[in-house]
1. Applying the selection to segment 186-214, what residues are under 9 Å from the mean Cα position of the chain (by Cα) and surrounded by fewer than 22 Cβ atoms within 10 Å (Cβ to Cβ)?
2. Acidic (D, E) and out of contact with any Ser or Thr (no Cβ under 9 Å at 6 or more places or on another chain) - does that describe any residue in segment 199-209?
3. Would you confirm, using the coordinates I've provided, whether A208 is aliphatic (A, V, I, L, M) and either at pLDDT 95 or above or out of contact with any Lys or Arg (no Cβ under 7 Å at 6 or more places or on another chain) (or both)?
4. Taking the residues in segment 125-166 that are within 17 Å of G201 (Cα to Cα) and among the hydroxyl-bearing types (S, T, Y) as candidates, determine which candidate is surrounded by the most Cβ atoms within 10 Å (Cβ to Cβ).
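The values are calculated or read from the model by the stated rules, or taken from the named source; none is laboratory data. The shown structure was predicted, so the numbers you read here are calculated from the model rather than taken from an experiment. When we count neighbours, we look across all protein chains shown, and the Cβ atoms used for this are built from the backbone with ideal geometry, even at glycine.
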Amino acid sequence: MLFEEERKQKICDYVHTNERASVQELAQFFQVSESTVRRDLKDLEEGGQLRRTHGGAVAMQSDNSEPPFMEKEDRFRSQKEAIAKAAAALVEEGDTILLDAGSTTYYLAKELKSVNKLTVVTNSIVAAQELAQLPNISLVLTGGTVRHETLAMVGPVAERTLEMLRVDIVFLATNGLDARNGLTTPSISEAEIKRKMIHAGKRIVLLADHSKYAKVSFAKVADLKEIHQLITDPQFPAVGTAELEEAGVQLFIASVKGESA
């Protein structure tokens, strides 16, 4: 028989080891009632050790690291490419779109080469390089100071440019996606740029693979309710799907070869 504090710590360790767990699963594993588990989860959440969800809990991950763009580009590449293809299907001839700086939005830039009479606004150096020589695309750069970690243009110049513009679709990137904390990123300057992007768009589409779920970074960008749609991959957890539906976010699962939703 475990003492209360010892049980809570073991429950916390269990959730972090398995990334998520249901109330029923924890009750059976620790041989206690489901009501006891719910009380323990509530206390653990209040202590910042995990996050409760519908019917269970998930590990609370804090990720303030900023790996170089080239390193991020290869992570979950097949998922990102599938998400990019699904996002490109939303773009129509004559649209004006805004591409955030990110590895998945970079793959989206590669998918836009066949769209006619398209205007693309971006703060991404690598996306701009993909699109700069295409005669069918009118390319607008935000200007600003380049962050070497993400190859994104940020700062007052970029912010003022975005304040002057209105676009049909914003394709947004994020480091963290969480029901309570919303969208987050390690950089304050990039968080401010992303907020300006949201204000500039009629439709906000978040592109994020499953690894971004339940992660929280340093600087908040927006609440979930401020985006209209999330395009993700089949590994996105069911508990996250329920949270997005509650926030009024439309979810689209991109088809990845060899994976099923």
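1. Residues of segment 186-214 that are under 9 Å from the mean Cα position of the chain (by Cα), as a first pass: 206-213.
Passing the criteria: H210, S211.
2. To start, the set of residues in segment 199-209 that are acidic (D, E) comprises 209.
So of that shortlist, the ones also out of contact with any Ser or Thr (no Cβ under 9 Å at 6 or more places or on another chain) come out as none.
No, because not a single residue in segment 199-209 is acidic (D, E) and out of contact with any Ser or Thr (no Cβ under 9 Å at 6 or more places or on another chain).
3. Values: aliphatic (A, V, I, L, M): yes; either at pLDDT 95 or above or out of contact with any Lys or Arg (no Cβ under 7 Å at 6 or more places or on another chain) (or both): yes.
Yes: the conditions hold for A208.
4. Applying the filter and picking the extreme gives T142.
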